[in-house]
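So the structure is just underneath, and the comments pick up after that.
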Amino acid sequence: MSMSVDEIYNVVLLFSNPAWSGTGTVPSTLIRNITALSLGYSSRINENVTVLSSKYSSVSNGVIQGLLYVPDLKDDDPCVEELAPYLPSDVVHQSNLPPTNYNLIAFAPWVNAECTKALLASARVDPLRAFVFYQPSNSSSKPPSAKSDVWDLQDGGRWQSQTHFPVFAVSGLYGQELMEQLGLYSGNLTQVPYGLNISSAYDADPEDYVRIWTQITCSEESTLPSIWVFFLIVIGVLFAVILATSLLMHFIQGRRRVSLRRRVQQGEINLEGMGIKRLTVPSNDIDKFPLFTYNYEPEPETQPASPAFPTPPRPSKTMTTITSRGRPESIATPSSPLPISEKGLHSPFASSTVATGYQPMCAICLKPYENRVTIIRELPCGHIFHPDCIDEFLGERSSLCPLCKACMLPRGYCPRVTNSMVRRERAIRRLRDRVEMEDDTESGPQKTRMHSWGSSLKKMMLKAYDTPEHSSTSIGLELQSQQVAVLDSPDAQQHNPSIRHSRSLARQRMRELAGSEPDEEDRPLTKLQRMRQKVFPGF
Amino acid sequence: MASQKRIQKELAECTRSPPPGMSIALASESNLHKWHVVLQGPPNTPYAGGTFGLVVTLPVEYPFKAPAVTFATRIYHPNVTNDSQGSICLGALKPENWKPASKLLGVLEAVRALLVEPMPDDPLEARIAEEYKADRKEFEKNARAYVARYAKGQPKFDGEAGGAEAAKS
């Protein structure tokens, strides 16, 4: 707790002399505020007051008031001599005050440590409310703070704890002026300034007192408010920083979304293939994939004896467009007898990925197609399916071809790009870069770290897949492990019975796993997480 | 229902010409979605001579969703959890890798291939994987001990996958 002085206000008051009437004593009472009548001294200082001690202040927030006087010293005290030059000869001492116990405020020059000690000792026995010191000088500036050596009484600050009243200091100039006034208002009515006027105006007794009354208005300069202000500032700054960061992140994230969207539309990125987002193909676009009637002209010796085992790619299969449920644009598709691999298909499906050869049955329901009877739908990658099977798959499950995982979304199509998609795409890109770096630099310790990292990643993944609704998580990278490829053609495995699970395969798995964090969008987020993502997108 | 038809076809195919060392049956005649597979430990592996039970669970959405394959018989293997669950780490069954064109025959082949050649770089049981890589002899000894303890006689499928085996141990 610390105290500050807002104001020291001195006025001149007229007190009655206690009167002795027949039965008892009429004590001294306040009669008039002389200053209010412009017949007396008044002064007011609002600044340059130093609090030297406020430990035992009875009032910490309010007004300390009392009659101003200079404490008496013993006649043999050397300080009487030392103080004399600073005190008017008739300055107010306690004997000059009304005999009733009014509150007192002591006033004295701070000449040296010894005299101050003597003054304080004297004041301690008086009904004191405060002590005001000044250092005799012509300075009007604020006295030094309580910690200054100027106020050192060479007792290690003990005086402050012994003094049971607050001690203030005013500037030398003001102190001298007040001391001068204190010399003027010490005698009886005939001696004080305007004494005669006062006497006539109030019909005052000559024995009445006209004295200076001091009011010291203090306020709690508690450290608490300043702490609050400090906190407010800190919070404000923090808030501003958060706001700025949030705005910046929103801006960056927005640009990343635009960039991702552009790349998706340009076909550079296969969102589902990278495991970023499970997508489906709009039914309008599914309908645009051409329908054909299955038409397979086998060479006599390979009459579909064992349709389960595809014959090696051979340009023997032809597709002839006959009908497409009355859709003229599909009928218009050239009914070329060309093998499907040579059909003009647009660039994303380079000849190597376009299905070639014999597709005797629908890979979804495994039902063989009937020549010239079954209507099939052909995807841009060249794979054919029953329309019912593939429409359901593309419309409800996935945007990738069930056989080759090529993306079936129309060019320029892009789903709503969310921040989490941006985040995952970036994570996958970074991880892939690292894995590729790993491929280049075959350094031992790094590799083991990589492996343990991969297995922990996978464990996390497995955990995620244990939850039943998690089937629609992530879809791996475009790369497919050899294992998966083997599954699709059982006989291929027989030709190649020992699958090499080499390091390169493990690394390939890593690449797949890179895209396989659980999809945040499918997971219920806590309120806090959702808020964090709102404020700091891409964090 | 397309899914039923396809499962029936696959079942027929698998029972007609089962993968080597396997026999396949439905868990119950009425339910096409749960298969019980008995797998003979491949020769020239520590699992030779063992008879392992596999439970194949086909989701309703099959073939759009991947089937689940678990070991009903406990097995000492880096890619199979060493508990009564018997979960298998099989890339082809991961949702991101599964394609409707993948067939159960291939999945079962892959499980068998995993017994022939474990993938210690992609383990479910890191400790066993370490052992496999560092101390092949010890691994084979342990695997054989598991076979002797759990994989002798007709595999039990009752209740939870491997529940009976777990109770026995």
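The values are calculated or read from the model by the stated rules, or taken from the named source; none is laboratory data. Computed from a predicted model, the values in this text were never measured in an experiment. Note: ideal-geometry Cβ built from the backbone for every residue, glycine included; neighbour counts use all protein chains shown. Side chains included, ligands, DNA and RNA excluded: accessible areas come from the protein's heavy atoms. Shrake-Rupley method; radii C 1.70, N 1.55, O 1.52, S 1.80 Å.
Only residues that are under 16 Å from B:Pro46 (Cβ atoms), within 7 Å of another protein chain (Cβ to nearest Cβ) and either in a helix (DSSP H, G or I) or among the small types (Gly, Ala, Ser) (or both) were counted across region B:113-140, and they come to 1. Listed by position, the helices (runs of 4 or more DSSP H) enclosed by region A:137-252 include none that has at least 2 residues that are among the basic types (Lys, Arg) and free of Cβ contacts under 8 Å to residues at least 60 places away in the same chain. Checking each residue of region A:244-259 against the condition of being within 30 Å of A:Pro387 (Cβ to Cβ) and over 24 Å from the mean Cα position of the chain (by Cα) gives no match.
Residues that are without any contact (Cβ under 8 Å) to a residue 40 or more places away in the chain and either among the β-branched types (Val, Ile, Thr) or out of contact with any Ser or Thr (no Cβ under 7 Å at 6 or more places or on another chain) (or both) within region B:65-78 comprise just one, B:Ala66. Exactly one residue among A:Arg416, A:Arg411 is more than 14 Å from chain B (Cβ to nearest Cβ), more than 37 Å from the chain's Cα centre (by Cα) and under 30 Å from A:Leu291 (Cα atoms), and that residue is A:Arg411. From the set of residues in region A:391-406 that are more than 9 Å from every other protein chain (Cβ to nearest Cβ) and surrounded by 24 or more Cβ atoms within 10 Å (Cβ to Cβ), which is nearest to A:Leu366 (Cα to Cα)? Of everything passing the filter in region A:391-406, A:Leu394 is nearest to A:Leu366 (Cα to Cα). Taken over region B:91-112, the criterion of being modelled with pLDDT of 85 or more and within 9 Å of chain A (Cβ to nearest Cβ) is satisfied by B:Leu105, B:Gly106, B:Val107, B:Glu109, B:Ala110. Residues in region A:407-426 that are among the β-branched types (Val, Ile, Thr) and either assigned to a loop (DSSP other than H, G, I, E, B) or open to solvent by 30 Å² or more (accessible area, probe 1.4 Å) (or both): A:Val417, A:Thr418. The set of residues in region A:117-136 being open to solvent by less than 50 Å² (accessible area, probe 1.4 Å) and either of a type in the set (Lys, Arg) or not in a helix (DSSP H, G or I) (or both) consists of A:Asp126, A:Pro127, A:Leu128, A:Ala130, A:Phe131, A:Val132, A:Phe133, A:Tyr134, A:Pro136. If you filter region B:141-163 down to residues that are not hydrophobic (A, V, I, L, M, F, W, C) and not in a loop (DSSP other than H, G, I, E, B), you find that the one that is most open to solvent (accessible area, probe 1.4 Å) is B:Arg149.
For region B:27-36, the criterion of being in contact with a helix residue (DSSP H, G or I) (Cβ under 9 Å, 6 or more places away or on another chain) and modelled with pLDDT under 85 is satisfied by at least one residue.
Within region A:367-390, the set of residues being touching a Lys or Arg at 6+ places or on another chain (Cβ under 8 Å), within 12 Å of chain B (Cβ to nearest Cβ) and open to solvent by 10 Å² or more (accessible area, probe 1.4 Å) comprises A:Lys367, A:His386. For region A:142-165, the tally of residues that are at pLDDT 85 or above and of a type in the set (Val, Ile, Thr) stands at 1. When region A:120-159 is filtered for residues that are hydrophobic (A, V, I, L, M, F, W, C) and over 18 Å from A:Leu178 (Cα atoms), the ones remaining, listed by number, are A:Leu120, A:Ala121, A:Ala123, A:Val125, A:Leu128, A:Ala146, A:Val150, A:Trp151, A:Leu153, A:Trp159.
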